[in-house]
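See structure below.
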There are 2 protein chains.
Amino acid sequence: MELFTYENIIGIAAGICTSIAMLPQLIKVIKTKETADLSVTMIGVLIVGVSLWVYYGFLQNEVPIILSNSFSVVVNLTLLICWFLFRKKS
Amino acid sequence: MELFTYENIIGIAAGICTSIAMLPQLIKVIKTKETADLSVTMIGVLIVGVSLWVYYGFLQNEVPIILSNSFSVVVNLTLLICWFLFRKKS
């Protein structure tokens, strides 16, 4: 399996964009310790969704799918942990 | 190309979860006409990202990738239109 095929470069570029777009919310939550605007149900649904995408990436043996969705799992697990840590403040 | 392979069912399930998780923000913006919390830069980055994922889906001929990211393009274009329509109110 070659990593830098045309398809993979497009997929990695796509993954970088969608990963960058997730960061402001995470940074905001960590800075403000304010999670009242977060829906824990939706974070849960999103973690299930992106975990399934990681599994799908392994089934199809596609590195861009695995990488970008693994990053998304980490971001959303961090948001979930923040929600539990900070919810008493809200 | 068969649609209901095991891989596609996993991918479609993943896509349904990540699509559902996008809806509350869209519904909130349409209901409240309040877009002050939205970053137009990040919506732009996200539209570029999910459009590249759609292109990647076509390159790889993968229906779950195409469907779920096309949905995401529509949601984020709607958010962008809302941002332009409602920004004077903010």
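Please enumerate the residues belonging to the range B:17-30 that are in contact (Cβ under 8 Å) with a residue 40 or more places away in the chain and out of contact with any Cys (no Cβ under 9 Å at 6 or more places or on another chain). Across the range B:17-30, the qualifying residues are B:Thr18, B:Ser19, B:Met22, B:Leu23, B:Gln25. Answer with yes or no whether B:Leu52 is without any contact (Cβ under 8 Å) to a residue 60 or more places away in the chain, buried (at least 19 other Cβ atoms within 10 Å of the Cβ) and within 14 Å of the chain's Cα centre (by Cα). So B:Leu52 fits the description; yes. For the range B:55-88, the set of residues classified as touching a residue at least 60 places away in the same chain (Cβ under 8 Å) and assigned to a helix (DSSP H, G or I) consists of B:Val63 only.
Being surrounded by 14 or more Cβ atoms within 10 Å (Cβ to Cβ), among the aliphatic types (A, V, I, L, M), within 12 Å of chain A (Cβ to nearest Cβ) and farther than 21 Å from A:Tyr55 by Cβ is a description that does not apply to B:Leu80. Every condition in (1) outside any helix (DSSP H, G or I); (2) facing another protein chain (nearest Cβ under 8 Å) holds for B:Gly49 except the one numbered (1). From the list B:Phe4, B:Phe71, B:Phe58, B:Phe86, the lone residue that is within 13 Å of another protein chain (Cβ to nearest Cβ), among the aromatic types (Phe, Trp, Tyr) and more than 15 Å from the chain's Cα centre (by Cα) is B:Phe58.
Scan the range A:31-46 for residues that are touching a residue at least 40 places away in the same chain (Cβ under 8 Å) and within 9 Å of chain B (Cβ to nearest Cβ) and the total you get is 1. Taken as a whole, the structure leaves B:Ile66 outside the set of residues that are within 27 Å of A:Leu38 (Cβ to Cβ) and of a type in the set (Val, Ile, Thr).
Every number in this text was worked out from the coordinates using simple rules, so none of it is lab data. From a predicted model like this one, the values you see are computed outputs, not experimental measurements. Please note: Cβ atoms are built from the backbone with ideal geometry, for glycine as well, and neighbour counts cover all protein chains shown.
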